[in-house]
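Only one structure is covered here, and it is reproduced in the block below.
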Amino acid sequence: MLTARTESLATGQVPMGGAAATLPLFPPRIGDYRHDADPSLPWPLELAFDYGRVEPSLFAQRAAGPSCGLAAWAPLMPPLTRETNLGEGETPLFEVPALAAWAGIDGPLFLKDEGRNPTWSHKDRLNRCTASAAQLAGAPGVIVASSGNHGASASAYAAAAGLPCIVLASATAPLAMQRFVAAYGGAALAVPADRRWELMARLCDRTGFHPVSNLTPEAHTGHPFAIEGYKSIAYELFRDLGGVAPGCVFVPTGYGELLYGVWKGFEELRALGRIPGVPRLFSCESRIYGPLHRAMRDGRPVAAVGTPDDTTRALSIASPVGGLRGRRAIEESGGAALAMSDAEIEAARARLARAGQWVEFSAAAGLAGLRQQAARAPLPEGPAVCLVTASGMKDVDGKGEALPSTDGSFDHASRVLREHYDLDI
């Protein structure tokens, strides 16, 4: 028997920025809502909550036991089923002075390591919410379009919910991601990018499977429950920094759902009187794509990017279209949309590794963005936070590389260490 945590104060679905619930909480509506502000675009939906019933003690507690993870914030989460609790959330926050010096800032720099989640990425916060929605809606399965972290995570949470999962990926999906999906029993298909949306819509229609990713290629809208899971990052930052908000947060950004979820969490804290204002948020995209950066630069609500001439290693943020959510998060917080080259991201990734943090290539975009922004202008007062969105294990392609070898003697080993690693023994 499915059991939903009844503490959720969610009241219904609203268009982004809506003041009142205009749709019931179930069934989740994905990708086809037309807003009076611009009926030409499908506007994203999110959840409304009864904020008057939120207990002040909610943000002072520290999760433990079966209530850990997102369930610790149940009043401000969608209804969550116990079956989908994999212990997501509660990721570590730690200060790294060496990286602050490298980035060129004087104040403290903290990393929030989302690679410690169950499937090694921030997507677990999203999929706890969407898998719960699929269960509570009585869906026979879930379907996702993703070649990376989202597909791996959706497969895990579908498995926990006892539901089959279809993953529409690309032929070039990293081997580590393919193995995640296979291990959880997901059914993965390589699909040409220009056929993915049509196929996903037809599969949803035929099977009744619950879509946990976008259905509209022209303007990313996503699942209305999804971004609510990302709000928990803001709550954890507020609590773990001692009841204050950071001065700024740098977020590796693809479609902008993570960015918006973090903004909404801080905006709720502000509206509930816990912080005086929302920290400045900076989206950190790949320059090869960068739809949010382009949209804001050109004064457009969203931007679609065709197939670029160049390639990027930042596959997890290589998104061809931006979303309205990301733009709002930046504008409302007074932040900015940044775009980095692969060389800038690689430099940040190497520095993170030297500080003991091996992260997915895309996950280093936050630190690269911090360094880029710090070179342009002083950062706001208060701690700076870089979100690290996924573990470096996500980039492993499985091929392996030949290691420098030695005959086992001390002299030969010393010479090899000097020649290959510049280590004098």
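Since every read-out is calculated from the coordinates, none of them should be taken as a lab result. None of the values given here were measured: they were computed from a predicted structure. Backbone-built Cβ (ideal geometry, glycine too); neighbour counts: all protein chains shown.
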- Quick one: longest stretch of the chain between exposed loop trypsin sites (Lys or Arg not before Pro), exposed meaning at most 12 other C-beta atoms within 10 Å and loop per DSSP? 63-398
- Message: Using the Cα centre of the chain as origin and beta-carbon charges of +1 (Lys, Arg) and -1 (Asp, Glu), tell me which of MET296, SER170, HIS223 is placed farthest towards the positive end of the dipole.
- Response: HIS223
- Hey, with R₀ at 25 Å, roughly what FRET efficiency would LEU272 and ARG82 work out to, going by the Cβ-Cβ distance, to 0.05? 0.40
- Task: Mind telling me which of GLY151, GLY392, GLY115 comes out most flexible in a GNM of the chain, alpha-carbon contacts under 10 Å?
- Result: GLY392
- Taking the chain as a Gaussian network, where each spring joins two C-alpha atoms under 10 Å apart, which residue of PRO28, PRO39, PRO15 fluctuates the most? PRO39
- Item | Mean ellipticity per residue at 222 nm, deg cm²/dmol - from DSSP H runs of n ≥ 4 across the chain, formula -39500 (n - 2.57) | -10000 deg cm²/dmol
- Message: Suppose each label sits 7 Å from its Cα in the direction of the beta carbon; what would the HIS412-LEU241 distance come out to in nanometres?
- Response: 5.5
- Task: Indicate the gyration tensor shape class of the range 302-397 (rounded, prolate or oblate), computed on the Cα atoms with a ≥ b ≥ c the square roots of the eigenvalues: a/c under 1.5 is rounded; otherwise a/b larger than b/c is prolate and the rest oblate.
- Result: oblate
- Pairs of Lys in the chain closer than 23 Å at Cα, counting only those 8 or more apart or on different chains: 8
- Item | Distance (nanometres) between label positions extended 7 Å along Cα→Cβ at ALA402 and ARG29 | 6.1
- Message: Is there a quick way to get the dipole size of the chain? I mean about its Cα centre, with the Cβ of Lys and Arg at +1 and of Asp and Glu at -1; what is the value in debye to the nearest 20?
- Response: 580
- Under 5 Å, built H, 5+ apart or other chain: amide partners of VAL321: VAL305
- Exposure proxy check: GLU331, GLU83, GLU95 ranked by fewest other beta carbons within 10 Å? GLU95, GLU331, GLU83
- Might you report the magnitude of the Cβ-based charge dipole of the range 89-227 about its Cα centre, with Lys and Arg at +1 and Asp and Glu at -1, to the nearest 20 debye? 440
- Query: Distance from the Cα centre of the range 217-232 to that of the range 353-425, in angstrom?
  - Reply: 31
- Query: Of all DSSP beta bridges located in the chain, what percent are antiparallel, nearest 5?
  - Reply: 35
- Query: Under a 5 Å amide H to amide H cut-off, with H placed in plane at 1.01 Å, what residues pair with SER341 once short-range neighbours are removed?
  - Reply: ARG287
- Query: So what are the ³J(HN,Hα) numbers for the range 148-154, from phi and the Karplus equation (6.51, -1.76, 1.60; θ = phi - 60°), rounded to whole Hz, Gly and Pro as x?
  - Reply: x, 4, 5, x, 4, 5, 4
- Message: Just to verify a number: FRET efficiency for ALA182 and VAL305, C-beta to C-beta distance, R0 = 22 Å, to 0.05?
- Response: 0.10
- To the nearest Å, what is the center-to-center distance of the range 298-328 and the range 68-136, using C-alpha atoms only? 24
- Task: Could you calculate the contour length gain from ASP38 to CYS68, that is, 0.36 nm times the residue separation minus the distance between their Cα atoms, to one decimal place in nm?
- Result: 6.8 nm
- Query: In whole percent, what relative contact order does the range 89-394 give with Cα contacts below 8 Å and a gap of six or more residues?
  - Reply: 22
- Query: With axes computed from alpha carbons, what is the tilt in degrees of helix 365-376 against the longest principal axis of the chain, rounded to the nearest 10 within 0 to 90?
  - Reply: 80
- Message: Taking θ = phi - 60°, what integer Hz values does the Karplus form 6.51 cos²θ - 1.76 cosθ + 1.60 yield along the range 88-96, in sequence order, with x for Gly and Pro?
- Response: 5, x, 6, 7, x, 10, 8, 8, 10
- Query: Put +1 on the Cβ of each Lys and Arg and -1 on the Cβ of each Asp and Glu in the range 252-364; which of GLY335, ILE345, LEU272 then has its Cα farthest toward the positive end of the dipole?
  - Reply: LEU272
- Item | Residue among PRO308, TYR184, LEU379 farthest towards the positive dipole end of the range 89-394, charges placed on Cβ | TYR184
- Task: Quick one: which residues, 5 or more positions from ILE275 or on another chain, have an amide H under 5 Å from its amide H? H modelled 1.01 Å from N in the peptide plane, none for Pro or chain starts.
- Result: ARG270
- Karplus (6.51, -1.76, 1.60) ³J(HN,Hα), θ = phi - 60°, over the range 250-263, in Hz, Gly and Pro reported as x: 10, 10, x, 10, x, 7, x, 5, 4, 4, 5, x, 5, 4
